[in-house]
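Notes follow once the structure below has been shown.
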Amino acid sequence: MDQKQYEYIAGRVSIVTPVYNGETHLAKMLDSVLAQTYPDVEMILVDDGSADGTVSAAQSYSEKFEEKGYGYRIVRAEHKNASAAINQGLPFVSGEYLIWPDSDDYLEPESIRRRVDFLRQHPQYACVRSLSYYFDEETGTRSKKADEQRGDLKKLDLFWDILESKTFVCCGCYMLRTKAFFEVYPKRRIPEYDVGQNFQMLLPFMYRHQCPTIEEELYGVAVREGSHSRTVLTQAQEEKKYRDYEKLVDEIAENCGITDRESRERILCWKARRRYQIALKYGRKKAAANALVWLHRCGGFCISEALKEIIWLYFVNGWVEEKIYPIYQKITSRKWI
């Protein structure tokens, strides 16, 4: 790669978007980029080995981007996953700022400008985020139901809130300073797992940097049947996805240098809660009991939660795992403030 592509052009915003079989929905996102009021943008679109007319649809926009004065690059890759596709685009990033919207979502016209203006006015921050709204792709109407919690919008330290799903990871809402991002990933590669790309993009960065929130809905999330996030998985696929998330979080913890006991136990609790949820979903009683044991050991539940889960396991499922009863005794004999 030419070294010039590793220099950052002041003021430029780089957009890296992976797309897979996006022929029917890609236009809306590209049109929203072209409608931006910000003058200096480069669009890096990575086709993840699409089997439909995605590439042709993308190529039809080349002239429009040229007329707008925006950079436009289409990168073609073999089909793998979104994180691998992101990695195909990162070497071409040249902007001072970086965003990575999904291929079926929508940037409000002031979305880029508002975030760049904030970062220019607040040089102490390496990133900023805005809010999102949800819309029906077919009708365009906004939905009141959101997939993610917003959480405490005044909070700046977001690492744990993102990991524990207490706030949103909506990809198109975040803008990062490119130089700071590539200090996290100097080889311009994020970990490749088939679980999306947002944990990789956000968690190591948020461990190092505070992130304020612009309380404006500057990004639209399409609610679309057949989208990657709404694809129905088999039990084997979902269990593999859970394992991959655990491996990814371990890799992220290593990247962040997380070694203190409290943080490691908090990560263990995160794993145990997820294991418990999927075990219950598929009726794997022993796995659910083991996850509860693990949660107890790392202090991952309070008395009310513990009793509720134990009663559910006992009365609804009609069984008692041999490891649960000793924990029940400890819980009921312990003083709780």
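The numbers here are math on the coordinates, done by the rules we state, and not lab data. Values in this document were obtained by computation on a predicted structure and should not be read as measured data. So basically every Cβ, Gly included, is an ideal-geometry build from the backbone, and we count neighbours across all protein chains shown.
Assuming 0.692 mPa s and 37 °C, estimate D for the stretch 6-230 with Stokes-Einstein, Rh taken as the Kirkwood radius over Cα pairs, in µm²/s. For the chosen part, D equals 188 µm²/s.
Over 18 Å between Cα atoms, which of Lys166/Lys247; Lys28/Lys179; Lys80/Lys240; Lys80/Lys281; Lys241/Lys271; Lys28/Lys64 qualify? Write down the numbers at each step before the final one.
On the way: Lys166/Lys247 21 Å; Lys28/Lys179 29 Å; Lys80/Lys240 16 Å; Lys80/Lys281 28 Å; Lys241/Lys271 13 Å; Lys28/Lys64 14 Å.
In this structure, Lys166/Lys247; Lys28/Lys179; Lys80/Lys281 lie more than 18 Å apart at Cα.
Length available on full extension from Tyr133 to Lys247: 0.36 nm per residue minus the Cα-Cα distance, which gives 38.0 nm. With the highest mean first, a sort of the peptides 50-58, 87-95, 135-143 on other beta-carbon atoms found within 10 angstrom per residue produces 87-95, 50-58, 135-143. Just flag the GluC sites (Glu not before Pro) in the stretch 1-82 sitting in loop per DSSP whose Cβ has no more than 11 other Cβ atoms within 10 Å. When the GluC sites (Glu not before Pro) of the stretch 1-82 are filtered for loop state and at most 11 Cβ neighbours within 10 Å, Glu7, Glu78 remain. Potential lengthening of the chain between Arg261 and Arg274 amounts to 2.7 nm, from the contour at 0.36 nm per residue minus the alpha-carbon distance. Summarising the label geometry, the points placed 7 Å from Cα in the beta-carbon direction at Glu183 and Glu23 lie 4.5 nm from one another. Each Lys or Arg adds one and each Asp or Glu takes one away; over the other residues whose Cβ falls under 9 Å from the Cβ of Val41, this sums to 0. Ordering Ser50, Tyr106, Ala84 by the projection of their Cα atoms onto the charge dipole of the stretch 6-230, which places +1 on the Cβ of Lys and Arg and -1 on the Cβ of Asp and Glu, puts Ala84 at the extreme positive end.
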